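In what follows, a single structure is set out as structure tokens and then discussed.
The values are calculated or read from the model by the stated rules, or taken from the named source; none is laboratory data. Every value quoted in this text rests on a predicted model; they were computed, and no experiment measured them. Here Cβ is always computed from backbone atoms with ideal geometry, including for glycine, and neighbour counts include all displayed protein chains.
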Ligand SMILES: Nc1nc2c(ncn2[C@@H]2O[C@H](COP(=O)(O)OP(=O)(O)OP(=O)(O)O)[C@@H](O)[C@H]2O)c(=O)[nH]1
Ligand SMILES: Nc1nc2c(ncn2[C@@H]2O[C@H](COP(=O)(O)OP(=O)(O)OP(=O)(O)O)[C@@H](O)[C@H]2O)c(=O)[nH]1
Ligand SMILES: [Mg+2]
Ligand SMILES: [Mg+2]
């Protein structure tokens, strides 16, 4: 699959796009990006700062920022908001206890002026685990249905076995034209 | 002086413009997103299944129409009701070439109509995919969806949403919208007042839920801090 293949599929696209990946610690942000780049996903450690994935193809330049989600790092998320074309928010669907906390962080993000109107993709990650909450359940718990000021999409996914990642990224790339 | 006149002109214009909100509903694969793209003039855009929400604005006569495009997949239909308080009417899209799913489509429509926010609101039904040889006629769709007993004001319009490049857009799409706005026109004042009031009701309910969640989180945090101290 791979990100490059996805970009190749885009028609007539030029310029730059900046995508921000956020979510609580342990949600699987880094794993998702590694899996999309067809890299090893067995040796991932919590992100202390951030990782950038940069891709170029036929005059189109894509930069994906993966920021650490630990509580102590979250206050710095704001530093990355400028000129964001799309936001990917990752959720550990098996961690039901922290859905409220995840919802809370997302609410703050969406309320920020710099994030106004930015399209939102929610990856309901870790669907391979027993007891993972389904995508529609997460949409309701996170009150995504009360969002009116931007397009949003929720995608069930598993970074571990690769399902849903391509579909999610395709939606994101469609939004950043 | 001129400024004053200009402001008066703007005031009158604003008064004559009317804003409404519609929701596009129907089963997955019915052609909702395609139909909206076509009306917006984006005929070449390819669609993929919607699992979420997207809104677009259209103009039809004096009506500025905000359209909510929602996903029609089985798991997504349960959240349609969250949007119904805010809409003045719905547009329901049916894949007319897929008669096997009429029963499922009928059930999804009836579930939506059960919501009290849908009371007395108009429904425009597009019998889509008329370019397919197997497509049912409007009369067959009326039968398939059991519309004979539907108490909401409704109209079934056959159409083809998908437009191969170089071919003209199906005029029946605009005809449908015109029927819908004219049926809203007659009672706009009353309907709009009701929609605003009910939408506000829902917003307050959401705000209340948000407060509850914040309170829950605060208690959790305090609890954790207390445990750490011990
Ligand atoms: N079972 C399962 N485990 C996953 C999945 N995605 C990620 N993980 C695991 O979840 C843990 C956290 O993954 P990371 O990618 O480091 O999470 P992160 O969101 O980048 O975390 P921070 O960098 O701390 O913000 C790792 O042990 C991953 O192997 C998944 O889809 N299924
Ligand atoms: N032949 C034909 N195909 C159509 C027509 N309208 C839509 N389609 C096709 O039907 C498929 C589904 O269209 P969408 O617009 O994505 O359907 P949707 O109702 O938005 O589906 P969800 O987002 O999953 O709820 C696509 O492959 C479209 O190209 C039509 O008028 N004729
Ligand atoms: Mg990480
Ligand atoms: Mg759609």
In the range A:128-144, residues that are facing chain B (nearest Cβ under 9 Å) and crowded, with 21+ Cβ neighbours inside 10 Å total 4
Matching residues in the range B:181-230 (within 17 Å of residue B:120 (Cβ to Cβ) and within 11 Å of another protein chain (Cβ to nearest Cβ)) number 1
**Request:** May I ask you to verify whether residue A:139 is touching a residue at least 40 places away in the same chain (Cβ under 8 Å) and either over 28 Å from residue A:39 (Cα atoms) or touching a helix residue (DSSP H, G or I) at 6+ places or on another chain (Cβ under 7 Å) (or both)?
**Result:** no
Counting only residues in the range B:32-45 that are closer than 22 Å to residue B:121 by Cβ and touching a residue at least 40 places away in the same chain (Cβ under 8 Å), the one nearest to ligand 3 (Cβ to nearest atom) is identified as B:32
If we ask which residues in the range B:159-176 are over 18 Å from the mean Cα position of the chain (by Cα) and buried (at least 21 other Cβ atoms within 10 Å of the Cβ), their number turns out to be 2
ask   = So is residue A:57 at pLDDT 95 or above, out of contact with any strand residue (DSSP E or B) (no Cβ under 7 Å at 6 or more places or on another chain) and either under 28 Å from residue A:4 (Cβ atoms) or within 16 Å of ligand 3 (Cβ to nearest atom) (or both) or not?
value = no
Turns out the strands (runs of 3 or more DSSP E) fully within the range A:72-177 with at least 1 residues that are closer than 21 Å to residue B:80 by Cα are A:120-125, A:152-156
Scanning the range B:56-89 for residues that are more than 9 Å from the chain's Cα centre (by Cα) and under 21 Å from residue A:118 (Cβ atoms), the one surrounded by the fewest Cβ atoms within 10 Å (Cβ to Cβ) turns out to be B:57
Among (1) within 9 Å of ligand 3 (Cβ to nearest atom); (2) touching a residue at least 40 places away in the same chain (Cβ under 8 Å); (3) assigned to a strand (DSSP E or B), residue A:31 falls short only on (3)
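Each row is one residue, and each column tells you yes or no for (1) within 11 Å of ligand 1 (Cβ to nearest atom); (2) within 14 Å of another protein chain (Cβ to nearest Cβ).
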site: A:34; (1), (2): yes, no
site: A:41; (1), (2): yes, no
site: A:52; (1), (2): no, no
site: A:57; (1), (2): no, no
site: A:101; (1), (2): no, yes
